[in-house]
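Here the structure is laid out as structure tokens; the discussion comes afterwards.
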Amino acid sequence: MNKMHTLTKIILSAIGIFFSIRLLSQLPYVILMFYLEPSRQITGLSLFSLLLVTGAIAVLVYIFIYKRENLAQKIVGSERLPEPGSQIGWLPVAFRLICIAGGIYLLSNVLWHTTYIINMLAKFKAETYSVNGTTYTRFFTNFAPFSFGDLLPWTIMLICGIYLLCGAPHFVRWQVKKTLQQCKINKQLQEAS
Amino acid sequence: MTKMQIIAKAVLTFIGLSAIVNLCLYLHSLTYTAQNLATFMFRIVLFLSVFIIFAVAIAYLLIFKNDWLVYKIAGSGEKLNPERGTLWLDSSLRMVAALYGLILLATLMPTILNIIVSPLYILSLANEILTFKTFPKSLIFTPSQWSYMIYNFLKAILAVYLLYGWPQFIRFQLSTHKTKSLFNQNPDAEGIEK
């Protein structure tokens, strides 16, 4: 194991701990929801939100803390890579780590929004009333949980989050190429001057 | 520059960027109404002068000319050769740009989608204006709403620019770095780097 693996493992652990704590802050809201309006429906939805958040934390802790060795291996690649000091060996690794952190940030936002929708669904109540003998059903809510306009950005964020979590190979390759191009141009300018 | 100095520079740039973006959010308070015009104007002048001083100070000290702070934080050490120095500086600034761009993107997806579909809205609004000769009601927003929309729009542009790699700023930093290296090589000149 070289320095790059060790560094990657430390950063992965830091990412895991940071986002686990960030998600933990979501738990009090879920519990508060149950205390504010205790009913069977809200209990069920609160439990579902709780399950989602704790599940996400468990996955984060498992992958980023317990299985960080394997993840570091996948990110860095072969163990026989050069040390961080040697020019560009560390460049894709660092970009990949940034993409993973960005991906988890996007996904944690999506998870927050999902639990928010679940909480709103809990308040989504239908009421029937009759006018001139005809029965109408009216939904009392100030939120439209199934509006495609509202769901589209979050769906795109979910896709982007998963792509970034997978290491965003195209983005990383493009960034590395651009960095090396910039360095080449700078070297040429230095030689010219 | 040493490796630690370059890392410190990247971190300071990140802090400066996020400070400026967060500071700009306070511009929203300009839209609050006051009891009379004199109080309103006084508040605007006072707020803008403080805001401009802070924004310029952050941009100058933390983003553009942060070397004095970098040398204080990271101290001295083994300097990198020019080629590796360029690679380290370029890549660390690019990483900062990518990270902050992704952080901004996480909150701005609805704004970006609105910008993408805005040509469709503009066409229908133009038709409405030409047909009815009135200002469309759907465009009537409060100053507070306008300020949030403009803030999000500018943040979206910044996010895209940062994800693109922030080329102009990196070029500027590299040219400053190069100039300093040349300056330090001249034995007659006073060294900038300590």
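The values are calculated or read from the model by the stated rules, or taken from the named source; none is laboratory data. Here the structure is a predicted model, which is why all the values come from computation and not from measurement. Counting neighbours? That spans all protein chains shown, and the Cβs are built from the backbone with ideal geometry, glycine included. Heads up: the accessible areas ignore ligands, DNA and RNA and are worked out on the full protein's heavy atoms, side chains in. Shrake-Rupley method; radii C 1.70, N 1.55, O 1.52, S 1.80 Å.
At-a-glance table
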| item | result |
| --- | --- |
| Hits in region A:1-30 (condition: open to solvent by less than 40 Å² (accessible area, probe 1.4 Å), touching a Ser or Thr at 6+ places or on another chain (Cβ under 9 Å) and part of a helix (DSSP H, G or I)) | A:Phe19, A:Leu23, A:Leu27, A:Val30 |
| Among (1) over 26 Å from B:Ile150 (Cβ atoms); (2) within 17 Å of the chain's Cα centre (by Cα) - the single one B:Val96 does not satisfy | (1) |
| Which numbered condition A:Gly55 fails, given (1) open to solvent by 50 Å² or more (accessible area, probe 1.4 Å); (2) modelled with pLDDT of 85 or more; (3) more than 14 Å from every other protein chain (Cβ to nearest Cβ) | (1) |
| Flag if B:Phe64 is of a type outside the set (A, V, I, L, M) and open to solvent by 80 Å² or more (accessible area, probe 1.4 Å) | yes |
| Hits in region B:159-176 (condition: open to solvent by 20 Å² or more (accessible area, probe 1.4 Å) and of a type in the set (A, V, I, L, M, F, W, C)) | B:Val160, B:Leu163, B:Phe172 |
| From B:Met109, B:Met149, residue being open to solvent by less than 70 Å² (accessible area, probe 1.4 Å) and aliphatic (A, V, I, L, M) | B:Met109 |
| Yes/no for A:Ser39 being open to solvent by 30 Å² or more (accessible area, probe 1.4 Å), at pLDDT below 80 and under 25 Å from B:Leu105 (Cα atoms) | no |
| Selected residue [modelled with pLDDT of 80 or more and within 24 Å of B:Ile15 (Cα to Cα)] from B:Met95, B:Met41 | B:Met95 |
| Yes/no for B:Leu104 being surrounded by 15 or more Cβ atoms within 10 Å (Cβ to Cβ), touching a residue at least 12 places away in the same chain (Cβ under 8 Å), under 13 Å from the mean Cα position of the chain (by Cα) and closer than 17 Å to B:Trp166 by Cα | yes |
| The one condition in (1) modelled with pLDDT of 80 or more; (2) within 12 Å of chain B (Cβ to nearest Cβ) that A:Gly149 fails to fulfil | (1) |
| B:Gly85 vs. criteria in contact with a Ser or Thr (Cβ under 8 Å, 6 or more places away or on another chain), farther than 18 Å from B:Ser147 by Cα and open to solvent by less than 60 Å² (accessible area, probe 1.4 Å) | yes |
